[in-house]
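A short worksheet on the structure shown next.
Derivation of every value follows stated rules applied to the coordinates shown; laboratory data play no part. In this text, all values refer to a predicted model and were calculated from it rather than measured experimentally. Backbone-built Cβ (ideal geometry, glycine too); neighbour counts: all protein chains shown.
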Amino acid sequence: MTPNFTTLPCNYAPRADLLKDRVILVTGAGQGLGHAAALAFAAHGATVILHGRNVAKLEAAYDAIEELGAPQPAIMPLDFVKTTQAELDGFAQSIRSTCKRLDGIFHAATHFTPLMPLALQDLDTWRKHADVNLTVPAALTKACMPLLKQAPDATVVFLSETHAISPNAYWGAFATTKSALATLATIWQAEVLEGESLRFRVCLPGPVASPSRSKSHPGELAGTLPSLASLATHFLYLMGPDNRGDTDIFYRCDPAPLTRLHK
Ligand SMILES: NC(=O)c1ccc[n+]([C@@H]2O[C@H](COP(=O)([O-])OP(=O)(O)OC[C@H]3O[C@@H](n4cnc5c(N)ncnc54)[C@H](OP(=O)(O)O)[C@@H]3O)[C@@H](O)[C@H]2O)c1
């Protein structure tokens, strides 16, 4: 599935209380783009549920949010490689009992191994990429669906990757599992019923100075790339109510303007 691109001039200036009273789950919130998104959502009024594996990193994100004077976040660790359906159902149930609602999920958790030929990728490699990049995000979203459907204006954002749209040698299981997110989001959006307010978005961040970028492009100077925080405005646009009337599913940040990807 190869979407077409339409560039949207974006001088988006989110209002300070854009996400007030909303509860947003951010996966992979301990570092990188998930961390940047979590802080931006909190700074704009959301109660953020911080997900990741490494509790120390999640606690550091929690402290950073408290320092902002933003709503108190929650920490919910879960390893996507080891999880089960029962754990995912329990995860959603914990959100219901502690936060009472869920207005969005920002899927930033990702599994990435150094670039290598497909000839070297075994079953374990495929399973880990599929679990973290595709199947657990899908199953977690499904587990949270009753809560999302109760929210007046819910959004699910999947972060994808340029090589998922333009595949190239050595991007193997990572690009393949990421590419399926476009199909997943399209099917899910098509299954939203009349009267339900739920939108699915796939976003390509483009190159950005993050820990995973330094793994995929080890020779690159981080100072030449957009910062993690510079993408936060795009994430706020996608997660907030100003994106409500838009029927497009695919977007990319490129690097300053937000670009729409049409099917
Ligand atoms: N950085 C870029 O240049 C770039 C470009 C295009 C697209 N993207 C996309 O943007 C997204 C975020 O990228 P990033 O660079 O911010 O990634 P990152 O810094 O590598 O962070 C990945 C996150 O995923 C979590 N994670 C990894 N394995 C997990 C597992 N088994 N269970 C649960 N959580 C797990 C990590 O949690 P712990 O740290 O707690 O283990 C970490 O918080 C990805 O989808 C990536 O494909 C990034």
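I'm trying to understand the selection: among the residues of region 187-222, which are assigned to a helix (DSSP H, G or I) and more than 26 Å from Pro152 (Cα to Cα)?
Correct list: Pro211, Ser212, Arg213, Ser214, Lys215, Ser216, Ala222.
Of the residues that sit in region 64-73 and are crowded, with 18+ Cβ neighbours inside 10 Å and among the hydrophobic types (A, V, I, L, M, F, W, C), which one is farthest from Val26 (Cα to Cα)?
The selected residue is Ala70.
For the list (1) within 12 Å of the ligand (Cβ to nearest atom); (2) crowded, with 18+ Cβ neighbours inside 10 Å; (3) under 22 Å from Leu19 (Cβ atoms), I need the number of the one condition that Arg201 fails.
The one condition Arg201 does not meet is (1).
Could you count how many residues in region 223-242 are within 16 Å of the chain's Cα centre (by Cα) and either under 23 Å from Thr113 (Cα atoms) or outside any loop (DSSP other than H, G, I, E, B) (or both)?
Of the residues in that region, 12 qualify.
Which ones in region 153-169 are within 21 Å of Phe200 (Cβ to Cβ) and among the hydrophobic types (A, V, I, L, M, F, W, C)?
Ala154, Val156, Val157, Phe158, Leu159, Ala164, Ile165, listed by residue number.
Looking at Glu194, Glu220, can you tell me which residue is within 15 Å of the ligand (Cβ to nearest atom) and more than 19 Å from the chain's Cα centre (by Cα)?
Glu220 is the lone residue from the list that is within 15 Å of the ligand (Cβ to nearest atom) and more than 19 Å from the chain's Cα centre (by Cα).
Give the residues of region 109-127 that are closer than 20 Å to Gln85 by Cα and in contact with a helix residue (DSSP H, G or I) (Cβ under 8 Å, 6 or more places away or on another chain), sorted by residue number.
Ala109, Thr110, His111, Trp126
If we keep just the residues of region 17-31 that are under 12 Å from Leu236 (Cβ atoms) and part of a loop (DSSP other than H, G, I, E, B), which is farthest from the ligand (Cβ to nearest atom)?
Checking each candidate, the answer is Asp17.
Any idea which of (1) farther than 15 Å from Gly30 by Cα; (2) more than 8 Å from the ligand (Cβ to nearest atom); (3) hydrophobic (A, V, I, L, M, F, W, C); (4) buried (at least 18 other Cβ atoms within 10 Å of the Cβ) is the one Val136 doesn't satisfy?
Failed condition: (2).
Taking Pro167 as the residue in question, decide whether it is more than 12 Å from the ligand (Cβ to nearest atom) and free of Cβ contacts under 8 Å to residues at least 24 places away in the same chain.
The answer is yes for Pro167.
At positive phi and either over 19 Å from the mean Cα position of the chain (by Cα) or surrounded by 12 or more Cβ atoms within 10 Å (Cβ to Cβ) (or both) - does that describe any residue in region 89-100?
Yes, region 89-100 has at least one match.
How about region 66-94: which of its residues are away from the ligand (no atom under 15 Å from the Cβ) and assigned to a helix (DSSP H, G or I)?
Glu66, Glu67, Leu68, Gln85, Ala86, Asp89, Gly90, Ala92, Gln93, Ser94
Condition test on Leu147, is it in contact with a Lys or Arg (Cβ under 8 Å, 6 or more places away or on another chain), assigned to a helix (DSSP H, G or I) and more than 12 Å from the ligand (Cβ to nearest atom)?
For Leu147, the condition - in contact with a Lys or Arg (Cβ under 8 Å, 6 or more places away or on another chain), assigned to a helix (DSSP H, G or I) and more than 12 Å from the ligand (Cβ to nearest atom) - is met.
If we keep just the residues of region 106-133 that are touching a Lys or Arg at 6+ places or on another chain (Cβ under 7 Å) and within 29 Å of Tyr237 (Cβ to Cβ), which is surrounded by the most Cβ atoms within 10 Å (Cβ to Cβ)?
Asn133
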